[in-house]
Amino acid sequence: MSGVEVITFGCRLNTYESEVMRAEAEKAGLNNAILVNTCAVTGEAVRQARQAIRRVRRDNPHARIIVTGCAAQTEKQTFAEMTEVDAVLGNEEKLTSTSYRALPDFGVSAEEKLRVNDIMSVRQTAPQMVKHIDGHVRAFIQVQNGCDHRCTFCIIPYGRGNSRSVPMGAVVDQARNLVESGYREIVLTGVDATSYGADLTGEPTLGLLAKTLLKQVPDIRRLRLSSIDSIEADKHLFDLIADEPRFMPHLHLSLQHGDDIILKRMKRRHSRADALGFVEQVRRLRPEMSLGADMIAGFPTETEAMFENAVSLAEEAKIAHLHVFPYSPRPGTPAARMPQLDRALVKDRAARLRATGHQLHQSHLDQMVGTRQWLLVENNGLAHTENFTLVAAPGLRPGSFVEATITGHNGNISTCN
């Protein structure tokens, strides 16, 4: 191979950063290289990354393989000891061309491979400009990085560091840059996006940032948020939900559970009542709002009654897009030291919660039938409605907006004419 190839795991923030990595590596003159941008959110994500690295080495015996991302930050020695890996870069180092110019030669020791600093020492997130998000018709913009909270199950703060925000003017410039490149849908991303602005002068909020973007860059046709912590939602965000048609009627919530005792043991900052109150408020302001959510099944000490509270929360909130994670103990986190459930029970509860999610998704798709929707066509013969329903759109031009009637669905994807 020639040039630089990037393999991305995990979140939309990683997708955005992969474009920055590619540009910085090319600026450094790197060639015949494969960058693997890893995820650490679960043990399974780390396993998949290691498996992919071995496969990439088999297929590209002469390429230079550089591993980075959250798993490389939290488990740097694990990746440095892999014979398939030529270098390991931390989450801060991966974003600068200097790191790629200073890579070690082939055949060095595991310690010499490492370019990973103390992520907790990083106090700012530098604005990063990209003109293109490879393979996507929707553009992602990083507005925030890191997290100041310490949920007991989560390793990500140790991979991303403390919360730090991109200045509002830089976010506006990046949005304008992407719109000029042809993008009409922008997705704001971060590790804990609703903490945006707490470290900036004047402490602007995520909602105020979104308002400012839509005012300063009027050619944005759709604006989305990647994921939010509902307890941090601000007045400006509620204003957008109620009054701004370019702010899309879909939110993805970091709920994690539906039982108050488990939420406390997770060290979450919301209660079950808080979550349901937020859902009620946004649906009152925007009846067509659809919701997604992350939830964990099989958290340590979870009883059957506690699990049922998670199921009933998903049902009461009518979560149309439920992402279920079987609890995965991450070394170094408090939850990993709590009394663990049998793995077979964890998998069983995850399957049952996914089944509930599937039923809720079916109900959502049923309700979409007969409605008139604007679709943004993507590169794979699919499209998304404003409320993020996936629709089959074969033969339509990627990047185009098309108005269509939803005619049915196959249980997973809607159809239209």
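Using Cα pairs closer than 8 Å and at least 6 residues apart in sequence, work out the relative contact order for the chain, in percent. Each step should come with its number before you reach the end.
On the way: 865 pairs, mean separation 42.6, N = 417.
Averaging sequence separation for qualifying contacts and normalising by length gives 10 percent for the chain.
Given a cut-off of 18 Å, what percent of all Cα-Cα pairs of the stretch 115-172 lie beyond it? Walk me through the numbers on the way to the answer.
Values: 785 of 1653 pairs.
Tail fraction, whole percent: 47.
Taking a temperature of 37 °C and a viscosity of 0.692 mPa s, what whole-number D in µm²/s does Stokes-Einstein yield for the stretch 203-348 with Rh from Kirkwood over alpha carbon pairs?
On the way: Rh = 16.6 Å.
So the translational diffusion coefficient is about 198 µm²/s.
Need one number: convex hull volume per residue for the stretch 371-416, Cα atoms only, in Å³.
Values: hull volume 2.9 nm³, N = 46.
Cα-based convex hull of the stretch 371-416, divided per residue, equals 64 Å³.
Let me check the size of the stretch 155-250 from its C-alpha atoms; what are the radius of gyration and Dmax in Å?
Values for the stretch 155-250 (Cα only, Rg and Dmax): 13.2, 38 Å.
Bin width 10 Å, origin at 0, all Cα-Cα pairs of the stretch 1-55: what percent of pairs per bin?
All Cα pairs considered, the percentages come to 24, 48, 25, 2.
When DSSP beta bridges are limited to those with both residues in the chain, what percentage is antiparallel, rounded to the nearest 5? Intermediate results must be reported in sequence, preceding the final value.
Values: 15 of 53 bridges.
If we restrict to bridges inside the chain, about 30 percent are antiparallel.
Could you state the per residue volume, in Å³, of the convex hull enclosing the Cα atoms of the chain? Spell out each step's value before the answer.
Numbers: hull volume 60.8 nm³, N = 417.
Measuring per residue, one finds 146 Å³ for the Cα hull of the chain.
When ligands, DNA and RNA are left out and all protein chains stay put, how many square angstrom of accessible area per residue does the stretch 371-416 have with a 1.4 Å probe? Walk me through the numbers on the way to the answer.
Working: 2040 Å² over 46 residues.
Roughly 44 Å² per residue, with all protein chains present.
Looking at the chain, which Cys residues are left with no other cysteine's beta carbon under 4.7 Å from theirs?
Cys11, Cys39, Cys70, Cys147, Cys416
Based on the alpha-carbon gyration tensor of the stretch 1-155, what equivalent-ellipsoid semi-axes (square roots of 5 times the eigenvalues) come out, in whole Å, largest first? If you can, show how the numbers build up before the last one.
On the way: eigenvalues 97, 72, 49 Å².
Each semi-axis is the square root of five times an eigenvalue, giving 22, 19, 16 Å.
Considering only Cα-Cα distances, which of the following residue pairs are longer than 27 Å: Lys264/Lys318; Lys94/Lys131; Lys264/Lys347; Lys94/Lys211; Lys235/Lys267; Lys131/Lys211? Mind dumping the intermediate values first?
Working: Lys264/Lys318 23 Å; Lys94/Lys131 18 Å; Lys264/Lys347 22 Å; Lys94/Lys211 31 Å; Lys235/Lys267 25 Å; Lys131/Lys211 22 Å.
Those over the limit are Lys94/Lys211.
In Å and on Cα atoms, what radius of gyration and Dmax does the stretch 335-417 show?
17.7, 54
Please report the relative contact order for the stretch 188-294, taking Cα pairs under 8 Å with a sequence separation of at least 6, and give it as a percent rounded to a whole number. Working shown, then result.
Working: 141 pairs, mean separation 27.7, N = 107.
Averaging sequence separation for qualifying contacts and normalising by length gives 26 percent for the stretch 188-294.
Per the Debye formula with a single identical scatterer at each Cα and no solvent contribution, what log10 I(q)/I(0) holds for the stretch 32-98 at q = 0.13 Å⁻¹?
-0.30
For the stretch 49-72 and the stretch 210-229, what is the separation of their Cα centres, given in Å?
If we compute the Cα centre of each part, the gap is 35 Å.
The values are calculated or read from the model by the stated rules, or taken from the named source; none is laboratory data. Because the structure is a prediction, the values reported are computed rather than measured. Ideal geometry is used to build each Cβ from the backbone, glycine not excepted, and the neighbour counts take in all protein chains shown. These accessible areas exclude ligands, DNA and RNA; they are computed on the full protein's heavy atoms, side chains included. Shrake-Rupley method; radii C 1.70, N 1.55, O 1.52, S 1.80 Å.
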